[in-house]
Structure formats: structure tokens, C-alpha cells
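Below is one structure; the comments refer to it alone.
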Amino acid sequence: MSEYGEPLLFAEMAPDRPDFENSLIDARNCIPIKDGYDSLQQLSILTDQLPTRGIGAITAKDAVGDADTYAGTLTKLFHSVDGVWTDATRLVGGDYVTASNGRWEFVIVGSNIIGTNFADNPQIVASGALNFADLTTDFKSKHVAQVRQFTVHGNTDDPVDGHVPFRVRWSAFDDPSDYTISPVTQSDFQDPQSPGGACQGIVGGEIGMVFMERSTHRMTYVS
């Protein structure tokens, strides 16, 4: 009587799969794709260089889908027009006085771009406008984000209370330029009651996340 030995097992028939299986240790100059890697495309120049060191930038799309890029230096704000940086510094107030270790932080609010550097009043520019202008003179801030319909600032300095590094302050509902504290407009501020230290940044969205030096706080809207 004939006996059959152990069956011979063949690998899956997959001629379109990459040659490398799971033994690749080091992959350089490539990007991951489904079932393998692809070559990293060569970078192309988008704009010319800023006249001095850049310390913050943002890119947003306008109403027709065109990209607008803004960037800041210690003393100026710029708008990239066809790859060329155009001075978009405020017309009233002169050059900015950002600290040597400071930076610009930007956020998109509707069709506007808001930027803050803590040394100057927060700045705003509307889509299509040529220059930034003061958003408010009520305070200065290091951080800014958009949480639902509120523009939120963190680590603030105002004429009344001075520098309050852990303070979080927000605008009126759906009005990023109104910071008069009012139960009607819902503009207000809060000093988190915990030993969290200075505000390090804010992440916006449906809810807000406020990052302190030693704690994290969540902002939830209650109607």
C-alpha cells in the first residue's frame, strides 16, 4: 500500500507584492505605502527665503481654494504672493518687537488669520487684505487657538492684572475681536486652580485642550 508523506506547502501566489518581506531592517529615503515602500519625491522650492529668520508660519485656503501662506520674523509679518514674500506688517504701530527667543503662533478663524507673539497686540488679517492690524488692545498672549466659535488665548498680559502665565481668555461667541467680559456675549477668562504652571499651548476644535507645564485641562462648551 502506498503512503503519502507530508504535503509540500507553497507560499501565497502574489506576484504583484514587493520583493521584501519582513526582513527589512533599515529603509532610507522612502515613504511607506500599502504593502511596501515608495521612493521619496524630490522637494521643490515653494517660496524665496525670508529676509531674516522665520519664527512662525501658517498656510490656509481662501474661499476659492487658493493657498495663502503667512510667516513672521522678529519684526515683520509677511504674505507669500506667487512665491515672493510681501511685507504684510501692520500699518499703524510700526515694526513688531518680538523677543529674541519668542515666536509667532497663528490660527485660522473663518476667513481670517490671527497671529500672536506676546510682545505686541494680537494681529489679524482678512483673506485678500494686504496688511495685518491689531485684533485687540485688551491684552497680549503667547498662544491662540479656535475652540468651537470662540477664539482662545493662553498665557496673557493685560494692563489690569499684568502677566498671568496660566490664564486662559476667550472671545465673544463668534466674534474673535470682542474680549469685553460679558455673560451676554460669553467672553470671559479663567485661571485654572491647579499647580499646573504656565500655559504651554492650546489645541482647538470641538473641545479645547490646554497644556500647562504640569497639567492638562479640557475646555467643554456648556450652553
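The values are calculated or read from the model by the stated rules, or taken from the named source; none is laboratory data. Owing to the predicted nature of the structure, the values given are computational and were not obtained by experimental measurement. All Cβ positions, glycine included, derive from the backbone under ideal geometry; neighbour counts span all protein chains shown.
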* Residues satisfying the stated conditions in segment 163-202, i.e. exposed (fewer than 13 other Cβ atoms within 10 Å of the Cβ) and assigned to a strand (DSSP E or B) -> Ser182
* Asked: Could you say whether any residue in segment 34-53 is under 30 Å from Arg90 (Cβ atoms), in a strand (DSSP E or B) and modelled with pLDDT of 85 or more?
  -> no
* To do: Return only the number of the condition from (1) closer than 29 Å to His143 by Cβ; (2) of a type in the set (D, E, K, R); (3) free of Cβ contacts under 8 Å to residues at least 12 places away in the same chain that Asp68 does not satisfy.
  => (3)
* segment 203-223 - residue that is under 22 Å from the mean Cα position of the chain (by Cα) and outside any strand (DSSP E or B) and, of those, surrounded by the most Cβ atoms within 10 Å (Cβ to Cβ) -> Gly204
* Asked: Limited to segment 88-98, what total is found for residues that are touching a residue at least 24 places away in the same chain (Cβ under 8 Å) and surrounded by 11 or more Cβ atoms within 10 Å (Cβ to Cβ)?
  -> 6
* Here are some residues: Thr98, Thr86. Which one is under 18 Å from Pro51 (Cα atoms) and part of a strand (DSSP E or B)? -> Thr86
* To do: Would you confirm whether any residue within segment 128-140 is in contact (Cβ under 8 Å) with a residue 40 or more places away in the chain, of a type in the set (A, V, I, L, M) and buried (at least 22 other Cβ atoms within 10 Å of the Cβ)?
  => yes
* To do: Report, by residue number, each residue of segment 112-154 that is outside any loop (DSSP other than H, G, I, E, B), modelled with pLDDT of 95 or more and aliphatic (A, V, I, L, M).
  => Ile113, Ile114, Ile124, Val125, Ala133, Val144, Ala145, Val147, Val152
